[in-house]
Amino acid sequence: MESVLRSLIRPGRISSLDKQSGTCRVLFDDKYNMVSVELCIMESVDLDKLNINDQVLCLFLATGIQQGFCLGQFY
């Protein structure tokens with residue numbers, strides 16, 4: 001169960017950011033610098049405060065890392 005949760009909820013760093021479309025790509029250091037697909041950023045996140053290299057938390061669907069969301073940054 002723990003391994004499933006680790007693949008669904010992942011911390012990473014923003015590698016690219018499109019504030020106009022509300023999406024980002026996230027780099028996962030623990031996954032050999034794998035970069036996500038474009039992830040929709042949750043609406044409650046203040047896009048003006050997000051920057052490249054900010055640490056964020058992502059949630060992926062059980063089908064794999066091809067579909068997911070950026071939940072926002074944390075400190």
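Brief remarks follow.
- Looking across the stretch 1-47, the residues that are in a loop (DSSP other than H, G, I, E, B), at pLDDT 90 or above and within 19 Å of Gly64 (Cβ to Cβ) come down to Ser36, Val37, Glu38.
- Across the stretch 65-75, the qualifying residues are those that are surrounded by 11 or more Cβ atoms within 10 Å (Cβ to Cβ) and either in contact with a helix residue (DSSP H, G or I) (Cβ under 6 Å, 6 or more places away or on another chain) or in a loop (DSSP other than H, G, I, E, B) (or both), and the one among them that is modelled with the lowest pLDDT is Ile65.
- In the stretch 17-63, the residues that are surrounded by 12 or more Cβ atoms within 10 Å (Cβ to Cβ) and of a type in the set (Phe, Trp, Tyr): Phe28, Phe60
The values are calculated or read from the model by the stated rules, or taken from the named source; none is laboratory data. Small disclaimer: the values here were computed from a predicted structure and weren't measured. All Cβ positions, even for glycine, are placed from backbone atoms using ideal geometry, and neighbour counts span all protein chains on display.
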